[in-house]
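Please read the structure below before turning to the comments.
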Amino acid sequence: MPPKKRSAAEAASTPHASRRRSGRIGSSGKKSTYFENVDDGEDTDELSKVAPPRKAAKTKATPKRGKKEEIRVELLDEDEKSESESDSGDDGDGYVEDKEESEDESEGEESSPPPVVQKRGRGRPPKTPTPVKAAAAKAASAKKASAKARVSGAGTSKGRPKAQSKAKAKHQAKAKSEESDAEEDDDDDDDDEEDNMITFIPALKLRDLDGVDYADERLHKNTFLFLKDLKANNNRKWLKANDKEYRRSLKDWESFVETLTEKIIEADDTVPELPIKDVIFRIYRDVRFSKNKTPYKAHYSAAWSRTGKKGPYAGYYVHAEPGHCMIGGGIWHPEAESLARLRASIDERPHRIRRVLMNPTFRKMFLPNAKANEKSVITAFAAKNKEYALKTKPKGFHPEHRDIELLKLRNYTIGTNINDSDLTAEDAQDRIMRVVSAMVEFVSIASSEVLTLLL
């Protein structure tokens, strides 16, 4: 049911004091006092002027202080107490004077222009020490000073000499270390100076020609003398000092090989005309996998084949070394396929190799101690190549094969030694060509077997 409306008479008859008060209870458990401070006779306008009570501002929780901060606060409190006592102990006149001075200062401040506010720049503002921090810093410094004073005062006369001796020992050790560092620096400087020093190697004079000029068809005797000296002084320093002599001997060898190449091409048309660098061997040794670590070869050498000094084909070889000169030919260390093809040719057509070995010119030039029969010639030829030969039969052949001695071989080469004078003679190249001509057929057969394999 809706509430009944009161009439005007009923409303006038009810007294003002009987207005309903708020009976609500807030969260604090107290009744609302919103209308309690208002008198009964006041109008509604006056009630509207009364402002409601503000809520109490929440106080921030005070952080727990450590022992150091409590000490700092106690020190500040003591300072404030002492200042207040000193102020309270002054006379009345002094107070009046202070009051007058404060009034004068206030008047001066009112008359002075307002301070200029500086704009804040970029970056963090400088940290200004707070009074608490400044007081704490002073107290800490005072404690440190008092502690040092106590330590210095507590030292006895007996302990002072020990401290002095320790300090002296430390000073001496430091001085010694500085001296050693200075000596090491001096040594390093000396080493650097030695590394940066330039050593001058005096260039030796060239040997005299003794009335014999250099020629393309023969080698000069000074070339053999240089190789002999190189063998006795096989090092880089000596070769650098004798660089001119080395260059002259190398030029003599190159010119000799160039003229000899033309004659070899006439004897064997399968040998092409190649640059000199593809024919002669360098004097520098590869010592990476060798026990002999001497950097240079004590000889000059050159080889001719269908591909020059390198390749799978058989060829001709000339070696110039004091006391060990030689001329040879054939195929040295062939690849597995080439070696298998050579053995198959000996097995299938043994008459070809036998015919070459039994040639009187060939036998007289390379197998002079062999008798004039096939067995003796084959045995002599196998003896010249026995260094890398197999000890047993090769795979796929019968141990009682007729040419088992030839099949065991890994190298098929022939050669003959000559004197040093043969290369320095006027007809040096003619003497070489007599040897080369005797082995042309042998080299051609070996190369043809490799050629058929490649084709």
TODO: Using R₀ = 25 Å, calculate the FRET efficiency as 1/(1 + (r/R₀)^6) where r is the Cβ-Cβ separation of ALA232 and ASN417; round to 0.05.
DONE: 0.70
- [ ] Consider just the alpha-carbon atoms of segment 200-330 and return their Rg together with their Dmax, both in angstrom.
- [x] 15.9, 51
- [ ] Go through segment 349-409 and name the GluC sites (Glu not before Pro) that are in a DSSP coil and have 13 or fewer other Cβ atoms within 10 Å of their Cβ.
- [x] GLU387, GLU400
Open item on the list: With θ taken as phi - 60° and the coefficients 6.51, -1.76 and 1.60, list the Karplus ³J(HN,Hα) couplings across segment 238-248 in order, rounded to whole Hz; mark glycine and proline as x.
Closed with: 5, 5, 5, 5, 10, 5, 5, 5, 5, 5, 5
Open item on the list: Defining a contact as two alpha carbons under 8 Å apart and six or more residues distant in sequence, what relative contact order in percent does segment 252-392 show?
Closed with: 12
Task: Residue-level accessible surface for HIS351, protein heavy atoms, 1.4 Å, Å² - done: 110
- [ ] Output ³J(HN,Hα) for segment 278-285: one whole-Hz value per residue in order, computed from phi by the Karplus curve 6.51 cos²θ - 1.76 cosθ + 1.60 with θ = phi - 60°, and x for Gly and Pro.
- [x] 8, 10, 8, 8, 6, 7, 7, 9
Task: Å² per residue, accessible surface of segment 325-455 at 1.4 Å - done: 54
Task: Alpha-carbon centroid distance for the pair segment 275-304 / segment 228-259, whole angstrom - done: 13
Open item on the list: Taking θ = phi - 60°, what integer Hz values does the Karplus form 6.51 cos²θ - 1.76 cosθ + 1.60 yield along segment 317-328, in sequence order, with x for Gly and Pro?
Closed with: 9, 10, 10, 10, 9, x, x, 9, 6, 7, 10, x
TODO: Return the loop-located GluC sites (Glu not before Pro) in segment 320-359 (DSSP other than H, G, I, E, B) with at most 10 other Cβ atoms within 10 Å of their own Cβ; answer none if there are none.
DONE: none
TODO: Using a 1.4 Å probe and counting only protein heavy atoms, arrange SER444, SER421 so the residue with the most accessible area comes first.
DONE: SER421, SER444
TODO: Filter the trypsin sites (Lys or Arg not before Pro) in segment 326-371 to those in DSSP coil with at most 13 other Cβ atoms within 10 Å of their Cβ, and list the result.
DONE: LYS371
Task: Probe 1.4 Å - accessible area at ASP278, Å² to nearest ten - done: 50
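The values are calculated or read from the model by the stated rules, or taken from the named source; none is laboratory data. Since this is a predicted model, take the numbers as computed values, not measurements. Note that we place each Cβ from the backbone using ideal geometry, even for glycine, and neighbour counts take in every protein chain shown. Side chains are part of the model used for accessible areas, which takes the heavy atoms of the whole protein and leaves out ligands, DNA and RNA. Shrake-Rupley method; radii C 1.70, N 1.55, O 1.52, S 1.80 Å.
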